[in-house]
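A.B. asks: I'd like to ask you about the structure that follows.
The values are calculated or read from the model by the stated rules, or taken from the named source; none is laboratory data. Note that the structure is predicted; figures quoted are calculated from it, not measured. For neighbour counting, all protein chains shown are included, and Cβ atoms are generated from backbone atoms with ideal geometry for every residue, glycine included.
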Amino acid sequence: MAQLVSASSSAPANVAGESRARVSAGRLVLTTITAATFAFLYVPIFVLIIFSFNQAKSGATWTGFTTEWYAKMFANEDLIEAALNSLLVGTISTLVAVVLGTLLALAMERYSFKGKAFWDGLLYMPVIIPEIVAGVSLLLFFAFIGLERGFPTLLAAHVAFTTPFVYLTVRARLADFDRSVEEAAMDLGADEWHTFWRITLPLLMPGVVSGALLAFTLSMDDFIISNFVKGVGWNTLPVYVWPQLKRAVSPEINAASTMLLLFSIFIVVLSLVLQRRQSRI
Amino acid sequence: MATLLRKSRALQLLGLMFPGGFWMVVFFLLPLLFIVVLSFLDNERLFTLEGYQRVFDPLYIGIFLQSIWISLLTTIISLLISFPVALFMARLPKGWRDIALFAVMIPFWTNFLVRTYALQFLMRNQGPINLLLQWIGLIDEPLSMLNTPAAVMVGLIYGNLPFMILPVYTSLEKFDWTLLEAAQDLGASAWPAFFRVMLPLTAPGLLSGSILTFVPAIGSYVTAELMGGGKATMIGRVIAGQFEQAQNWTFGSAMSLILMVIVTIFALIYFRLGRGERVAL
């Protein structure tokens, strides 16, 4: 660790020979650890992608290249239906969560009121409460009030666990907000309503977009909560895929996993492009 | 006039807070309270302490302790890996830093089920690692790497590492390196400079990363199931089992409540240490 610190101190001009040796040793250690970590993060993913093109029905012996599993996957109606369900739930819950979360962020950042500490705590809880507990609690709740589980309960749950993440993202953006721009607009005669739509919201947009992408990803990826609140015979993609991942019977699942991976990468690239574009404005 | 304005401000606040606040109370807070109530009720909805009596069975105490131990160790190892990686990233030139950040972001946004499955696939008895080692001739029999507490830990580190690297990186990126030089110019050697200057100033990021790793680890279900199988049990699996196969809701609720208490204790320690700093997303 001592070497790490020397490696990180940025005064190369006056270092003596001995400490220069320590600097390069430190850098070597850092580089090695970083390379190993990235290998650890990526090797399993690449291996999975490679083996999704393997002919062998089971095991990891390479027997030849095939796209058979992808053809099978796209012909699997249940899987396609589950994927469409996921997109539907993800889209609707994101739209609702973005509105609710943004409104909450505005209220919590710009108003002072009684009981604010309570809401502060409540809106932070989903970060702290394990998903399994949230899932179980919703199962109990819906069973107790006699609500049959299905699309509506799934949607209600997804909005509930994504809203706080939108709220946290937008609120962070609001905290850095320069209010003098709004004051200027008001001085120039704009009313509060116009100021909000023409000034506040456009400036807030990068936060809203990040929040929306986060909410959408969380919704699309969620397995634990969805598994507890979805109805019988109505699956989202992760819920449909889970029993097959556990049994790992068919290489088709490797193909499906690869498609999910590509989808995630698409979302990351999209979010980076959007943020780039907005920071330029 | 003034009262009307104040009134409208109250109305504004109501309009902003109500939709999201209502949703969070009904679909998040209320269900959690149901757990508390139902943990004291038996199947006939009569008062019972049976759930809690069972929790104190040495078998379950053991599972709780093992879960806490695995999660703590996961958090510490993740921290020890992430710090040098984040340090390396923060010292890269701008272009490379963006690429490295992108490389951490991809797993961060990638489906958790798929990533854990990819790791499990790699580590199976008939998986690529074993086949490779046998092919080289290092081993004769496949190593069994899965279904142990260590395998669960590897899975948890793998799954949650981006959640640790990103906040640690954020705090290191903001770190003013001249402070370290100043400390060393004033005669502090590398170690004290690290512990007295760098560590305290980057603590918020380290703490954020720790809580973002610890919470999913202690409530883990997917990782415990895929990497630990039936042999290395975590609380999350026991809780899920009570609502799936066993149908003992009283016991399941009691365990969920205790899990919430454990997480809350760790969160309070975290807020204490971080002086109320919020997790950076």
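A.B. asks: Under the condition of being at the interface with chain A (Cβ under 10 Å from one of its Cβ atoms) and among the charged types (D, E, K, R), which residue from segment B:64-119 is surrounded by the fewest Cβ atoms within 10 Å (Cβ to Cβ)?
C.D. replies: B:Asp98
A.B. asks: Among the listed residues A:Val241, A:Val273, A:Val268, identify the single one that is under 17 Å from the mean Cα position of the chain (by Cα) and either within 14 Å of A:Leu218 (Cα to Cα) or at pLDDT 85 or above (or both).
C.D. replies: Within the list A:Val241, A:Val273, A:Val268, the selection yields A:Val268.
A.B. asks: Moving on. Given (1) polar (S, T, N, Q); (2) within 11 Å of chain A (Cβ to nearest Cβ); (3) buried (at least 17 other Cβ atoms within 10 Å of the Cβ), identify the lone condition not met by B:Gln126.
C.D. replies: Answer for B:Gln126: the failing condition is (3).
A.B. asks: Counting only residues that are aliphatic (A, V, I, L, M) and away from chain A (no Cβ under 12 Å), which one in segment B:194-215 is farthest from the chain's Cα centre (by Cα)?
C.D. replies: B:Leu201
A.B. asks: May I pose another question? Could you tell me whether any residue of segment A:170-192 is in contact with a Ser or Thr (Cβ under 7 Å, 6 or more places away or on another chain) and at the interface with another protein chain (Cβ under 7 Å from one of its Cβ atoms)?
C.D. replies: No.
A.B. asks: Filter segment A:120-152 for residues that are in contact (Cβ under 8 Å) with a residue 12 or more places away in the chain and more than 22 Å from the chain's Cα centre (by Cα); which is nearest to the other protein chains (Cβ to nearest Cβ)?
C.D. replies: Of everything passing the filter in segment A:120-152, A:Leu139 is nearest to the other protein chains (Cβ to nearest Cβ).
A.B. asks: Another question about this same structure. Report yes if B:Ala267 is among the aliphatic types (A, V, I, L, M) and part of a loop (DSSP other than H, G, I, E, B), otherwise no.
C.D. replies: no
A.B. asks: Now a separate question. Output the residues belonging to segment A:229-255 that are at positive phi and of a type in the set (A, V, I, L, M).
C.D. replies: Scanning segment A:229-255 gives a single hit, A:Ala248.
A.B. asks: To continue, here is another question. Would you confirm whether any residue within segment A:77-88 is within 20 Å of A:Asp221 (Cα to Cα) and hydroxyl-bearing (Ser, Thr, Tyr)?
C.D. replies: yes
A.B. asks: With the condition being within 13 Å of chain B (Cβ to nearest Cβ), at pLDDT 90 or above and within 27 Å of the chain's Cα centre (by Cα), I'd like the helices (runs of 4 or more DSSP H) fully within segment A:1-85 carrying at least 1 qualifying residues.
C.D. replies: A:17-51
A.B. asks: I'd like the residue in segment B:166-193 that is facing another protein chain (nearest Cβ under 10 Å) and buried (at least 20 other Cβ atoms within 10 Å of the Cβ) and, out of all such residues, is modelled with the highest pLDDT.
C.D. replies: Residue satisfying both the conditions and the ranking: B:Leu172.
A.B. asks: Here is a further query. Does segment A:89-103 contain any residue that is within 18 Å of the chain's Cα centre (by Cα), within 29 Å of A:Met205 (Cβ to Cβ), surrounded by fewer than 23 Cβ atoms within 10 Å (Cβ to Cβ) and among the small types (Gly, Ala, Ser)?
C.D. replies: Yes, that holds for at least one residue.
A.B. asks: In the list A:Arg198, A:Arg276, which residue meets the criterion of being within 11 Å of chain B (Cβ to nearest Cβ) and of a type in the set (Lys, Arg)?
C.D. replies: A:Arg276
A.B. asks: Select from segment A:207-223 the residues that are within 21 Å of A:Phe177 (Cβ to Cβ) and either hydroxyl-bearing (Ser, Thr, Tyr) or not in a helix (DSSP H, G or I) (or both) and list them in ascending order.
C.D. replies: Residue satisfying the conditions is A:Ser210 alone.
A.B. asks: Quick check on my filter: what residues within segment A:95-119 are without any contact (Cβ under 8 Å) to a residue 24 or more places away in the chain and under 20 Å from A:His158 (Cα atoms)?
C.D. replies: A:Leu95, A:Val99, A:Leu103, A:Trp119
A.B. asks: Restricting the search to segment A:36-88, which residues are under 19 Å from A:Pro243 (Cα atoms) and crowded, with 19+ Cβ neighbours inside 10 Å?
C.D. replies: Scanning segment A:36-88 gives A:Leu48, A:Ser52, A:Trp69, A:Met73, A:Leu79, A:Ala82, A:Ala83, A:Asn85, A:Ser86.
A.B. asks: Continuing with this model, one more query. What about B:Pro31, is it assigned to a helix (DSSP H, G or I), facing chain A (nearest Cβ under 8 Å) and either under 20 Å from B:Val238 (Cα atoms) or within 23 Å of the chain's Cα centre (by Cα) (or both)?
C.D. replies: yes
A.B. asks: For segment B:71-179, which fully contained helices (runs of 4 or more DSSP H) count at least 2 residues that are under 24 Å from A:Ile225 (Cβ atoms) and without any contact (Cβ under 8 Å) to a residue 12 or more places away in the chain?
C.D. replies: It comes to B:94-109, B:112-123.
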